[in-house]
Amino acid sequence: MTPVISAAHVSKWYGQVIGLNDVSVTVQPGITGLLGPNGAGKSTFMKLVTGQLQPDKGSLRIFGEPVWRNPGIYHRIGFCPEQDAFYERMTGREWVTALARLGGMDERRARDAAAEAIARVDLEEVADRRIGGYSKGMRQRIKLAQAIVHDPELLILDEPLSGMDPLGRRRAIRMIREWGRQGRSILVSSHILHEIESMTANVLLISSGRILAEGDVHRIRDLIDEHPHTVYIRAADPRGLGREFLAHPGVISLRFEPNALVVETAAPDAFYERLTELAASGACGPIEELTSPDDNLQAVFKYLVRS
């Protein structure tokens, strides 16, 4: 079977800064998670895979073909970037349609494809609202819509769940898994282990521009679960959430910040499951943001490298 992505001794430098350091890896069909802290090299690797950057050393192939300056391969790839780059005054429908037109579709086909893509990410109700008025979760989903509008074989998703509330994350994870079941290959990055684990068991662990490990996520989970997790939750009623988690097994500490709760837990799976239940019930009001601070993840990776 031809690998979806094949990298051989790939390096990328930004002046004196190493973005990627002698990476050799093959990615087979299916869903693969790229797990690493911010600054690990995830975005650099994805920009190389999508032909936005040229390797300074080594070679990179997609579906067996070189990706750099190979426009024919770009139609087979859908890319959801981490950073936003919108025309804020355009509606979601106008933006996705315009990108479909830039990809070579005629006007009618682009309109139909945009409508289908927007429906698949559950944004039909706000499709004709200006993107400037979208929430963070809506902005992430409209980026997913443009990534799938041309029905690509390979999806490259860079931190697609960043900034989403728990219900939005659950919805997006369900969509990504469904796209995998439909036969698409997906490379999805995150700096949060449980997000990757909920989508796939196959993971690449990256830190400081190097692939540290690849294979079954559950082996990596066994190591990471020995290290406490810190979770930042911005919510309408952080004190109500705190009361819910006071007696929760695995919670080590709770700390309140303005409009937020910071939890340290030794049982992240059980914690996230309970948090999602609370968000769905609305018992403590809306949960607006959920993040795992990078300093904690950096500590996890230092722990793993040391092990």
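Do we find a residue being among the β-branched types (Val, Ile, Thr) and not in a strand (DSSP E or B) anywhere in the stretch 13-25?
No, there is no match, as no residue in the stretch 13-25 is among the β-branched types (Val, Ile, Thr) and not in a strand (DSSP E or B).
Cβ-Cβ under 7 Å, sequence separation 6+ or interchain: first residue in the stretch 182-206 and without any contact (Cβ under 8 Å) to a residue 60 or more places away in the chain, partner of a type in the set (Asp, Glu). Which pairs?
Cβ pairs passing all conditions: 184/153; 201/216.
Just need a number here: residues in the stretch 7-19 that are at pLDDT 95 or above and open to solvent by less than 70 Å² (accessible area, probe 1.4 Å).
Counting residues in the stretch 7-19 that are at pLDDT 95 or above and open to solvent by less than 70 Å² (accessible area, probe 1.4 Å) gives 5.
What is the number of the single condition among (1) in a helix (DSSP H, G or I); (2) among the β-branched types (Val, Ile, Thr); (3) touching a strand residue (DSSP E or B) at 6+ places or on another chain (Cβ under 6 Å) that residue 10 does not meet?
(1)
The values are calculated or read from the model by the stated rules, or taken from the named source; none is laboratory data. Small disclaimer: the values here were computed from a predicted structure and weren't measured. Because the Cβ atoms are built from the backbone with ideal geometry, glycine has one as well, and the counts that use them run over all protein chains shown. Side chains are part of the model used for accessible areas, which takes the heavy atoms of the whole protein and leaves out ligands, DNA and RNA. Shrake-Rupley method; radii C 1.70, N 1.55, O 1.52, S 1.80 Å.
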